[in-house]
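As structure tokens, the structure follows; a few thoughts come after it.
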Amino acid sequence: MKKTIDAPGKGNKSIELFLSRYEFIVNSCLSSIPVANLSSQAQERLKRLLDYTVLGGKMTRGLTVAESLKASIAPRLPTEEEIFHCHILGWCLEILQAAFLVADDIMDNAKTRRNKPCWNQVENMGKQAYNDAFILESFVYLLLKQHCRQCKWYIDVFELFHHVCLKTEVGQMLDLWVENQNDLHCPKDRYKNYTFDLYNQIVENKTAYYSFTLPVLLGMYVAGTVTEKSTTETAQICSQLGLYFQIQDDYLDCYGDSETIGKIGTDIQEGKCSWVFLTALKKANETQKGKLYENYALENTEAIKIVKTIYDELNVQSDFKQESEKHFAEISSIINESTEVSKPVFTFLLNRIHDRSK
């Protein structure tokens, strides 16, 4: 008889079990490197890379895989083998997230992440961090090959990871591209490309799919419940979850406590196409727009202060509260009306991100 795992919801057992796999994951990565006679110093360096960049987050993506499995097979309890594969896939997601964040921090010239210096800001790291992002992504495929190759869903999941990587990278391209399309010599036209349509496209590709759709689908693959209809419905719900999540992220970048969110907000000085900036532009009069055009994307304290003052004048914080309530209600309704997927996993995700402070 196959051993089963208790249902979720009691204490932090699910989190503890997931975390308990971490050293096994690290050892699997290091033992699978296709390099002969790799020195102990080099292996220690790679372990440090994993420890520094993978740990310290909320682990929502990684934990969601097993929650998706449990919701998909209920009332049956998952077997130990199913949970094991969910944990492998969950840690693949957490490592992929680390790869994306290392690269993103380099491109954004960010200073802190999870209450410590970004990996590329660590002493003597510099350009090595570029290559480290590639190594982290490669670890994902090593883990899949080492532990999931005999699973009937292996090829589908392998291809799904490749699909999501490209989708996320194109989303990042859109994010960076729009910043560089600004006409720096004509403040009036500087942000003509910044629209909510473009914002939604960036969010859908850069954030929503790998953060929400991917972990849910991975659990469904382990459960054997993936169909064309369930995939479509999952993507629709997760797209809205991703949008809600990114709006929160943009707001916290401006108004969140840096100690709580674990990083110093930089969207204003980077000139990001953010929900806060778009909302302010939509509400601003011509004088306020002029000040926003002239001071956004400038890396000086006075310019940042002017932009934030206009945000306050326009009461953007109130708009955020209304937007949050609207999205929570809309997503709850979409979940309740769904027919092709297991609803508990989406409720789990919505509750994880609702009213978050980091």
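So what is the accessible area of the range 309-358 per residue, in Å², with the probe set to 1.4 Å?
Value for the range 309-358: 56 Å² per residue.
Per residue of the range 109-115, what does 6.51 cos²θ - 1.76 cosθ + 1.60 with θ = phi - 60° give for ³J(HN,Hα)? Whole Hz please, x for Gly and Pro, Karplus curve as stated.
6, 6, 9, 10, 8, 6, 6
Could you work out the percent of alpha carbon pairs in the range 25-148 separated by over 24 Å, rounded to a whole number?
33 percent
Just for the Cα atoms in the chain, what are the lengths along the principal axes, largest first, rounded to whole Å?
Rounded to whole Å, the extents work out to 72, 54, 34 Å.
The range 127-179: percent of C-alpha pairs farther apart than 17 Å?
More than 17 Å apart: 51 percent of the Cα pairs in the range 127-179.
Work through the residues other than residue 228 whose Cβ is under 13 Å from its Cβ and net out their charges, Lys, Arg +1 and Asp, Glu -1.
For residues surrounding residue 228, the net value is -2.
Regarding the range 109-202, what is the average projected area of its C-alpha convex hull, in nm²?
9.4 nm²
First compute the accessible area of the range 1-129 with a 1.4 Å probe, then give the percent of it belonging to carbon and sulfur atoms.
53 percent
Classify the range 282-358 as rounded, prolate or oblate, taking a ≥ b ≥ c as the square roots of the eigenvalues of its Cα gyration tensor: rounded when a/c is under 1.5, otherwise prolate if a/b is larger than b/c and oblate if not.
It comes out prolate by the Cα gyration axes.
Subtract the Cα-Cα distance of residue 20 and residue 356 from 0.36 nm times their separation in residues, and report this length gain in nm to one decimal.
Answer, rounded to one decimal: 118.4 nm.
Using θ = phi - 60° and the Karplus relation 6.51 cos²θ - 1.76 cosθ + 1.60, list the HN-Hα couplings for the range 232-244 in order, rounded to whole Hz, with x at every Gly or Pro.
5, 5, 4, 5, 5, 5, 5, 4, 6, 4, x, 5, 4
Give me, ordered by chain and number, the residues 5 or more places off residue 113 or on other chains with an amide H under 5 Å from its own placed amide H.
Amide H neighbours of residue 113: 118.
Going by the alpha-carbon gyration tensor, a ≥ b ≥ c the square roots of its eigenvalues, is the range 222-340 rounded (a/c under 1.5) or, if a/c is not under 1.5, prolate (a/b greater than b/c) versus oblate?
The shape class here is prolate.
What FRET efficiency do you get for residue 173 and residue 336 if R0 is 56 Å and r is their Cβ-Cβ distance, rounded to the nearest 0.05?
0.95
Dividing the convex hull volume of the alpha carbon atoms of the range 203-256 by its residue count, what do you get in Å³ per residue?
63 Å³
With each label point set 7 Å from Cα along the Cα-Cβ vector, what nm distance links residue 264 and residue 159?
The two pseudo-label positions are separated by 4.6 nm.
Between residue 112 and residue 74, what's the calculated FRET efficiency when r is the beta-carbon distance and R0 is 56 Å? Round to 0.05.
Using R0 = 56 Å, I get an efficiency of 0.85.
Given a Förster radius of 45 Å and the C-beta distance between residue 38 and residue 329 as r, what FRET efficiency does 1/(1 + (r/R0)^6) yield to the nearest 0.05?
So the FRET efficiency works out to roughly 0.25.
What spacing in nm lies between the two simple spin-label points modelled at residue 13 and residue 229, each 7 Å away from Cα in the Cβ direction?
Once both label points are built, they end up 3.4 nm from each other.
List, in order, the whole-Hz ³J(HN,Hα) value for each residue of the range 30-35 obtained from phi through the Karplus relation with A = 6.51, B = -1.76, C = 1.60 and θ = phi - 60°; use x for Gly and Pro.
Calculated HN-Hα couplings, in order: 5, 7, 9, 5, x, 10 Hz.
The values are calculated or read from the model by the stated rules, or taken from the named source; none is laboratory data. Bear in mind the structure is a predicted one, so any value in this text is a computation, not a measurement. With ideal geometry, Cβ positions are generated from the backbone for all residues, glycine too; neighbour counts draw on all protein chains shown. The area values use the complete protein model at the heavy-atom level, side chains included, leaving out ligands, DNA and RNA. Shrake-Rupley method; radii C 1.70, N 1.55, O 1.52, S 1.80 Å.
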